[in-house]
Structures are given as structure tokens and as C-alpha cells.
Amino acid sequence: MSYETILVNVEKNIATLTFNRPKALNALNDKLLTELSTALDEIAAQKNIHVLVLTGAGHKAFVAGADITELATLDVPQGKRCSQKGHAAIGKLQELTIPVIAAVNGFALGGGSEMALASDFIYASETAKFGLPEITLGIIPGFGGTQRLARAVGANIAKEMILTGKMISAAEAKEIGMVNKVVAPEALMDEVMKTAEAIAAKGRVPVSAAKHAINAGLNGDLPSGCAIEVEAFATCVASGDAKEGTSAFLEKRKPIFNAGSQK
Ligand code: CO8
């Protein structure tokens with residue numbers, strides 16, 4: 001399916017979704033949120049896709065936030081609907097059973113940082129900049145930033161960033177634990193793809209079970225998280241992936257997972 005505001009490309013079991021409004025630094029407008037939600041449904045339905053990579057078109061921005069031209073005209077009910085629509089799309093991203101890697105290639109501000117935070121982890125180019133500048137616009141993060149940033153980097157750092165609205169460099173984002181890896185701009189997609197391919201070569205069942213157990217556990221206490229892990233582990237042991245992984249070890253060969261869905 002083709003879209004106006006995003007591009008979706010699938011190669012070797014990895015989907016790349018590119019936010020594609022470069023003239024507006026890939027700002028998230030209403031149309032983009034609708035298309036993102038539809039694309040995520042399509043990606044979830046394709047069992048040959050094992051990893052999703054997110055990035056932004058052009059060299060300047062990942063996503064420079066929600067589209068301020070649309071935000072400027074909202075009243076209270078419209079503001080609520082807009083925030084809920086963003087939460088629904090970004091929540092769907094987080095809930096995908098496949099891993100999502102954000103390749104942040106430039107500005108990731110407001111809704112852009114919120115989108116990246118809903119991925120499973122972030123790689124960034126040295127030129128990337130992160131921030132939740134909403135306070136400067138007289139608003140607050142409305143696509144999950146108050147929740148996901150605090151969970152990712154701790155409440156104190158999240159409060160400082162959200163209350164000042166300051167931008168931070170990719171290196172600072174790595175230092176606070178928001179970003180896993182920082183590389184030269186020209187190396188970003190190669191690095192992300194290397195990691196995506198490493199994950200895509202693992203079994204789909206244990207990859208999604210591990211993601212589910214980590215995410216679900218973070219929303220509750222330790223005993224509940226451990227109980228979720230027990231269930232997810234039990235699902236894995238009976239899977240073809242476990243059969244292949246353990247047989248390969250015992251037969252002293254490399255495992256071949258997802259044989260039916262490799263293209
Ligand atoms: N929305 C709409 N257009 C944008 C946005 C945006 N967020 N960001 C940049 N643009 C546009 C600019 O208006 C400009 O358009 P034009 O060429 O037509 O004038 C073009 O992109 C290029 O931008 P600049 O000329 O400003 O480029 P600079 O290199 O000078 O600056 C910056 C780059 C620093 C990224 C700057 O553009 C900027 O500060 N942008 C706004 C960043 C921001 O405040 N983001 C947060 C938005 S609010 C948000 O995300 C809330 C999410 C939750 C919403 C909940 C729903 C209710």
C-alpha cells in the first residue's frame with residue numbers, strides 16, 4: 001500500500017518505515033497518524049516481517065514533533081482527541097510483537113522523541129537532537145512523553161528535560177540512557193540494519209516472548225513480572241524455535257530459525 005506521509009519498505013524480513021514530510025521536518029500531522037496506524041496494522045499482519053525500523057526522510061530530522069500548524073487551532077475536546085489519536089498510534093507501535101528500532105537521524109523533538117521512546121531501543125546519528133520542547137509552546141508532551149521518558153531515564157532527568165524544554169545532543173541522550181548507540185550520520189542505517197538482521201535471524205517466538213515479558217513486567221511489580229516471564233518462557237519451550245535452537249546446539253551446528261518466512 002502506498003501512503004502520502006510515510007514510506008514503507010520491506011527487505012530481508014525487515015520493514016523500514018520512514019516519516020516522509022521533509023519540508024515540515026517530518027512533523028506528525030493528523031494524516032500521518034492515520035497512515036501510521038494503518039501501516040502498523042499491515043506490518044503486524046505480515047509474518048515475514050521480523051523487525052521494524054523507524055527513521056525520518058532527509059538529513060535534518062527524524063520527527064520535529066506534532067505539526068504545530070494543526071496544534072495552534074485546537075480547542076479542549078479537539079486537543080483531547082488529538083492526544084488520544086497519537087497515543088493510539090504510538091501505543092500500537094509499542095505493542096507490536098516484533099521489535100522496533102528507532103534510527104534517529106536528526107531532530108527528534110516533542111512527538112518525535114515520544115515516538116522514538118515507544119520503540120524498543122534507539123540508535124542515533126551524532127547530529128541527532130532530542131527534546132520535549134512542548135513547555136515552550138505553552139503545552140506539555142501529549143503523546144506519552146511524561147510517562148515513557150520518566151520510565152526510560154528516571155523521573156528527575158525527565159522532569160528537568162520536560163520542565164525546561166531544552167534540547168540535548170545524541171551524546172547526552174546516550175549518557176542518560178535514552179539512546180543505546182551513537183554513530184556517524186552516514187553509518188547510522190548500516191549499524192541499525194546490522195542489529196535488525198541479528199534479531200531477525202533469531203526465532204520469532206522467543207523474540208516476541210522476551211519483548212512481551214520485559215514490557216509487561218515494567219508495568220507492574222517484580223513478582224508479577226516474574227510470573228509473566230514464566231508464562232512467556234513456557235510458550236517458547238514448546239515452539240519450533242526452541243526445538244531448532246536446542247537441536248542445533250546439541251548437533252553442533254548453527255540454528256536456522258524462521259525457515260518458512262525467510263525471503
Ligand atoms: N510542526 C510544523 N512545522 C514544523 C515543525 C513542527 N513541529 N517543525 C519544523 N517545522 C517546519 C518549519 O515551520 C519550517 O517550515 P517553512 O520552511 O515552511 O517555514 C520547516 O519545518 C523547517 O524548519 P525551520 O526553518 O524552523 O528549521 P530550523 O533548522 O531553523 O529549526 C527546529 C529546526 C529547531 C527543529 C525548529 O523547526 C523547531 O523548533 N521546530 C519545532 C519543534 C517543536 O517545538 N516540536 C514540538 C511540537 S509539539 C509536540 O510535539 C506535541 C506532541 C503531543 C501533541 C498532543 C496532541 C494535542
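The values are calculated or read from the model by the stated rules, or taken from the named source; none is laboratory data. Predicted, not measured: the structure shown is a model, and the values here were computed from it. Glycine also receives a Cβ, built like all others from the backbone with ideal geometry; neighbour counts cover every protein chain displayed. SASA here: full protein model, heavy atoms, side chains in, ligands and nucleic acids out. Shrake-Rupley method; radii C 1.70, N 1.55, O 1.52, S 1.80 Å.
For the stretch 13-81 and the stretch 185-263, write down the distance between their C-alpha centroids in whole Å.
27
How much length would be gained if the chain were fully extended between A171 and F249, taking 0.36 nm per residue of separation minus their Cα-Cα distance, in nm to one decimal?
Numbers: separation 78, 0.36 × 78 = 28.08 nm, distance 3.90 nm.
Gain on extension, A171 to F249, equals 24.2 nm.
Ignoring any ligand, DNA or RNA, what whole percent of the accessible area of the stretch 6-200 comes from carbon and sulfur when the probe is 1.4 angstrom?
Details: 4830 of 8570 Å².
About 56 percent, which is the carbon plus sulfur part of the accessible surface.
What aspartates and glutamates could a cross-link reach from K194, if we take a straight Cα to Cα line under 16 Å and drop same-chain neighbours fewer than 8 places away?
Within the straight-line cut-off, K194 pairs with E11, D120, E186.
Taking all protein chains together and a probe of 1.4 Å, list H59, H87 from the most accessible to the least accessible.
Working: H59 180, H87 80 Å².
Largest accessible area first, the residues go H59, H87.
By per-residue mean of other Cβ atoms within 10 Å, what is the highest-first order of 150-162, 126-138, 229-241? Mind dumping the intermediate values first?
Working: 150-162: 16.2, 126-138: 19.2, 229-241: 14.5.
Most protected by this proxy first, the peptides run 126-138, 150-162, 229-241.
Excluding same-chain residues fewer than 8 positions from K159, which lysines have a Cα within less than 30 Å of its Cα?
K60, K80, K85, K92, K129, K174, K181, K211
Quick one: putting +1 on the C-beta of Lys and Arg, -1 on the C-beta of Asp and Glu, what dipole do you get for the stretch 6-200 around its Cα centre, in Debye to the nearest 20?
Working: 18 positive and 20 negative charges, 47 e Å.
In debye, rounded to 20, the stretch 6-200 gives about 220.
Count the DSSP beta bridges whose two residues both fall in the chain, then state the antiparallel fraction as a percent rounded to the nearest 5. Present the calculation step by step, with values, prior to reporting the outcome.
Numbers: 9 of 31 bridges.
Here the antiparallel bridges make up roughly 30 percent for the chain.
Tell me the relative contact order for the chain as a rounded percent, counting alpha carbon contacts under 8 Å between residues six or more apart.
On the way: 480 pairs, mean separation 42.6, N = 263.
Value for the chain: 16 percent.
Counting heavy atoms of the protein chains only and a 1.4 Å probe, report the per residue accessible area for the stretch 44-83 as a whole number of Å². Don't skip to the end; give the middle numbers.
Numbers: 2120 Å² over 40 residues.
Accessible area per residue, the stretch 44-83: 53 Å².
Quick one: if you stick a label point 7 Å off each Cα along the C-beta vector at Q147 and D190, how many nm between them?
Distance between the two pseudo-spin positions: 3.9 nm.
If the reach is capped at under 14 angstrom between alpha carbons, list the aspartates and glutamates near K23, excluding any in the same chain fewer than eight residues apart.
Partners within reach: E4, D67.
What shape does the stretch 182-263 have by the C-alpha gyration tensor, where a ≥ b ≥ c are the square roots of the eigenvalues, rounded means a/c under 1.5, and otherwise prolate means a/b greater than b/c and oblate the rest? Please report the intermediate quantities before stating the final value.
Working: a/c = 2.63, a/b = 1.13, b/c = 2.33.
Note, shape of the stretch 182-263 comes out oblate.
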